[in-house]
Amino acid sequence: MLSAEQKRALTALLPSGQVITDPGPLVTYRWDAGLDHGHPEGVILPGNADDLQRIVHWAREHNIPLVGRGSGTGYTGGAVPIEGGLVVAFSRMQAILSVDPDSRQATVQPGVINAHLQKHLAPLDLSYPPDPASHTVCTLGGNIAENAGGPHCLKYGVTSNYVLGLQVVLADGSLLHLGGNALDPPEYDYSSLLTGSEGTLALITQATLLLRRPPQAVKTLTASFDSVATAGKAVSTVIAAGILPATIEMMDGSMISIVEEFLKTEIAPGAGALLIFDVDGYPESLDAQLDEIRKILPPFQPLEIKVANTSEERDMLWRGRRSAAAAVARLSPNELVLDVCLPRSRLAEALTGINQITAEHGFGVGYLAHVGDGNLHPNVLCDLSRPGELERVYQAGGDILELCTRLGGSIAGEHGVGVEKREFLTCMYQPGEIAAMLEVKKIFDPHGLLNPGKVFPKHVPEKQPINPTHHELPLGELTPDSAEQAAEWLSELQRQGQPTYISGNASKWQEPATGGRRLTTRQLIQIHELSRQDFYVRVGAGIRLDELQAELGNLGFWVPLASPWSTATIGGLISARANSPLRVRYGGISDVLMALQVALPDGRLLRFGKALVKDVAGYAMSKLFVGAYGTLGLITEATLKVYPQPRGRCNLLARVPDAATGAAWGLSALRQSRNCAGLTITVEPEDVPETAKALLAFTMEGHPSDLSAELQTVRRILHDCGAESITEDNKTTATGLWAQALNSSGNVLRTGLAPGKLPDFLSMMQPDILGDRFTVDIANGQVYCTPKAGGADLINSHLSKLRAAAYPQDGHTVLFSGPRRWLNQIDAWGKPRDSYPLMYQLKKCWDPAPILNAGEFPAHIQD
């Protein structure tokens, strides 16, 4: 416990009222919404980042643990100080610092309530999609720490899909900026790593979030079935048809009965399962979407189908789902709320097994599920006043977690691991994989003071020692035919200290490496698994994107990725974080990536992630390899989301006077768009008249009825802005023009900015800086330019001029593609970023020789 002297010193660090040490008020902070409790020694209420830094420095000096807390709505003990120490409560950091409508971004402090941000955004016709059930009270800092989801994740994604940048305080008290307003900065993706890390790596003081336009209208349909298995098959069939509802919720028969008893009314009499579909979009499309769902359901013999035609009717259909928590609370003194995620195809099997487990332990259970994304919440009913009940209900919960992992699921879909599920992380990850996570933990928090006792088991199994056997390496290029062989060869290369350059098909760096061994993935080209029910594909890292798209296209699917280079491999695109204009609609490579297999330089072959829509168990380790340029390890296999081919697509092309004007006009149209799948400007003066050098392309994808409505809106906006020659083109997409322009270029420099800053940036550029051929990805804030042929001095001159304009606007400029030799002859990455020391430490930990891709990324820089 804190001594009296320590309490006095602690209280003196902050203004009056910001430190609590009296025993009475501390009781509130012993629990969150779960069953575990802790023993806080004090509570800190920082008002800003400076306050927090002072506290962290003091805690480090006195070896006092720190536990971050939002509103305490978590279910797994994540905010519970089980090892004592100080609770850092962010209730005084509730400012919405800025909203940029043109860039679709907001910057907030961690204590902002989720629903308060939504209310603030509504008059601006903007929204923040992640909406956990506790959104009226939970904080955005807590949402980020847990990587929270909610019912709309199927269509709109989880918190990690919306975190662009973080300001954090590390365990040593230093303040870091990670990521930011500009996409794809030249650093390891630590923002994604920290999202979902449950406060064990850093304390968040500020977050920059991506926003979307909300749908104009919503309609609801409910359908009841005889069993959960039948309902699950109906859901898979709806999604496979290319229909993507905003929400698909499910209640099983037990929960239906509980709610009906509570409401004293029938909501689905005699049903074994009830599905609730929300469809959204333009008002013109809603009836068509519901009609499509209704036409799919009859083969599954629904007991009843209801459609809400008014908001009052919609509230009635949702009343049962929204009443579930209150109904369960009335029925049972306590409940263990579990959170697992499964492949949709295994949900029925999981429910059968969970029913057996709870019956064997003597507990009742009811289910709620975000069934569209496989997220299942078993509510195990218990009474903790009975002797031994807590131990028995935890035993039942553990059995359920083990069952779900055997079925290919995760122990945590959106509630985190916390203390409640930490012992079950070993069900998902091997000792070597957990060891790699703990190596990351030690880099960020070497003394283990941030939220100790969470996520990881008390006794971590020892990782298997690396086989010391020497492996004979073939002469010339190294082309392993299996992931295991790649790991063995990397181990030998590390032992020998041989510089090694990883390569796919050398699409981005347009010549082979010199001065070391070349390790390629050309033999790792298999499609290992394609799930047409659960919508993922698992492939070797060496498979070409165009070949994968062709195979998927034959089955009516695709991955929403694109590349300028026809020979680009999946592993290469991930390593380079080479995103395309499709990102505005489908997210970037990190968002499409579900899991990775990687070979570390010490010979460990590790898997991170699951083929699941939601998975927040452990750290998001796969994100570290996105954009790491092969400096941390060799990607051998990737699991990607697949989608049905777009239901509809339309493209508008318009001539604009210049790039700056075109960017401003494009942003005006984007403000009203909800289906944009690419918005670009290409400038190629030899192909167009001098009076109109720039071509704006606006691509929309989605339901045909939505596109019809949006097409007219975008056309009108562009016309009112002054665009001429506005034409509809069925074949020429914004992404296609972007790829064509970059494929025909040599050296390409890429500048990243917040999209709303593009018009000013482009206006500042003199013709000799951008050149007479360049491309702008307006929606994602990326400018790609091609300097005229010249040597390293000319390229460096262009980089310096671009950076002089980009840096004051929090942007960056890097070498996007070109001859590999430029990496050693020019300043390819720009000024050091806050994350570089952490990057260097991780690189040194996993590649101590170092051997991998020397000079290809700033991880070799030590500040």
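Below are the figures for this structure:
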| read-out | value |
| --- | --- |
| Matching residues, the range 569-578, being crowded, with 22+ Cβ neighbours inside 10 Å and not hydroxyl-bearing (Ser, Thr, Tyr) | Ile570, Gly571, Gly572, Leu573, Ile574, Ala576, Ala578 |
| Top-ranked residue of the range 622-659 - restricted to ones that are under 19 Å from the mean Cα position of the chain (by Cα) and in a loop (DSSP other than H, G, I, E, B), ranked as surrounded by the most Cβ atoms within 10 Å (Cβ to Cβ) | Ala628 |
| Pair list, Cβ < 8 Å and 6+ apart or interchain, from the range 126-149 residues that are in contact (Cβ under 8 Å) with a residue 12 or more places away in the chain and closer than 15 Å to Pro110 by Cα to residues that are buried (at least 24 other Cβ atoms within 10 Å of the Cβ) and basic (Lys, Arg) | Gly142/Arg69 |
| Among residues of the range 804-817, those that are touching a Ser or Thr at 6+ places or on another chain (Cβ under 9 Å) and in a strand (DSSP E or B), counted | 4 |
| Residue within the range 399-422 that is more than 29 Å from Tyr156 (Cα to Cα), open to solvent by less than 10 Å² (accessible area, probe 1.4 Å) and assigned to a helix (DSSP H, G or I) present | no |
| Considering residues of the range 579-590 that are within 13 Å of the chain's Cα centre (by Cα) and open to solvent by 10 Å² or more (accessible area, probe 1.4 Å) only, the residue nearest to Ala483 (Cα to Cα) | Ser590 |
| Check on Leu593, open to solvent by 20 Å² or more (accessible area, probe 1.4 Å) and either without any contact (Cβ under 8 Å) to a residue 60 or more places away in the chain or among the charged types (D, E, K, R) (or both) | no |
| Extreme residue, nearest to Thr680 (Cα to Cα), among residues of the range 753-803 that are under 33 Å from the mean Cα position of the chain (by Cα) and in a loop (DSSP other than H, G, I, E, B) | Ile778 |
| Candidates Thr469, Thr426 - the one that is without any contact (Cβ under 8 Å) to a residue 40 or more places away in the chain, of a type in the set (S, T, N, Q) and either within 29 Å of Asn379 (Cβ to Cβ) or part of a helix (DSSP H, G or I) (or both) | Thr426 |
| Looking only at the range 372-398, and only at residues there that are hydrophobic (A, V, I, L, M, F, W, C) and open to solvent by 20 Å² or more (accessible area, probe 1.4 Å), the one that is farthest from the chain's Cα centre (by Cα) | Leu384 |
| Pick from the range 313-362, criterion more than 18 Å from Glu414 (Cβ to Cβ) and of a type in the set (Asp, Glu), ranking: nearest to the chain's Cα centre (by Cα) | Glu349 |
| Check on His135, in a strand (DSSP E or B) and either under 16 Å from Glu414 (Cα atoms) or in contact with an Asp or Glu (Cβ under 6 Å, 6 or more places away or on another chain) (or both) | no |
| Some residue of the range 163-170 being outside any loop (DSSP other than H, G, I, E, B), modelled with pLDDT of 95 or more, open to solvent by 20 Å² or more (accessible area, probe 1.4 Å) and of a type in the set (Gly, Ala, Ser) | no |
| Given (1) part of a strand (DSSP E or B); (2) modelled with pLDDT under 95, index of the condition Pro151 fails | (1) |
| Filter result for Asp615 (among the acidic types (Asp, Glu) and buried (at least 24 other Cβ atoms within 10 Å of the Cβ)) | yes |
| Residue within the range 433-447 that is more than 23 Å from Asp847 (Cβ to Cβ) and without any contact (Cβ under 8 Å) to a residue 12 or more places away in the chain present | no |
| Close pairs (7 angstrom Cβ cut-off, 6 or more residues apart or separate chains): within 13 Å of Gly497 (Cα to Cα) in the range 836-860, of a type in the set (S, T, N, Q) anywhere | Ala849/Gln494; Ile851/Gln494; Ile851/Gln498; Ile851/Thr500; Leu852/Thr500; Leu852/Thr631; Asn853/Thr631 |
| Count of the range 423-439 residues which are among the hydrophobic types (A, V, I, L, M, F, W, C) and either closer than 22 Å to Ala348 by Cβ or open to solvent by 30 Å² or more (accessible area, probe 1.4 Å) (or both) | 4 |
| Qualifying residue in the range 690-699 (condition: at pLDDT 90 or above, open to solvent by 40 Å² or more (accessible area, probe 1.4 Å) and not small (Gly, Ala, Ser)) | no |
| Every residue from the range 804-840 that is under 24 Å from the mean Cα position of the chain (by Cα), open to solvent by 20 Å² or more (accessible area, probe 1.4 Å) and among the polar types (S, T, N, Q) | none |
| Some residue of the range 719-727 being touching a Cys at 6+ places or on another chain (Cβ under 7 Å) and either over 29 Å from Gly648 (Cα atoms) or at pLDDT 95 or above (or both) | no |
| The range 346-371, residues that are of a type in the set (Ser, Thr, Tyr) and either open to solvent by 50 Å² or more (accessible area, probe 1.4 Å) or not in a helix (DSSP H, G or I) (or both) | Thr352, Tyr367 |
| Qualifying residue in the range 195-206 (condition: surrounded by fewer than 21 Cβ atoms within 10 Å (Cβ to Cβ) and touching a Pro at 6+ places or on another chain (Cβ under 8 Å)) | yes |
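Okay, residues lined up against (1) in contact with a Leu (Cβ under 7 Å, 6 or more places away or on another chain); (2) at positive phi; (3) at pLDDT below 95; (4) open to solvent by 70 Å² or more (accessible area, probe 1.4 Å):
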{"position": "Leu475", "(1), (2), (3), (4)": "no, no, yes, yes"}
{"position": "Ala483", "(1), (2), (3), (4)": "yes, no, no, no"}
{"position": "Asn505", "(1), (2), (3), (4)": "no, no, yes, no"}
{"position": "Pro512", "(1), (2), (3), (4)": "no, no, yes, yes"}
{"position": "Leu524", "(1), (2), (3), (4)": "no, no, no, no"}
{"position": "His528", "(1), (2), (3), (4)": "no, no, no, yes"}
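The values are calculated or read from the model by the stated rules, or taken from the named source; none is laboratory data. Values in this document were obtained by computation on a predicted structure and should not be read as measured data. No Cβ is skipped: glycine too gets one built from the backbone with ideal geometry, and neighbour counts run over all protein chains shown. The area values use the complete protein model at the heavy-atom level, side chains included, leaving out ligands, DNA and RNA. Shrake-Rupley method; radii C 1.70, N 1.55, O 1.52, S 1.80 Å.
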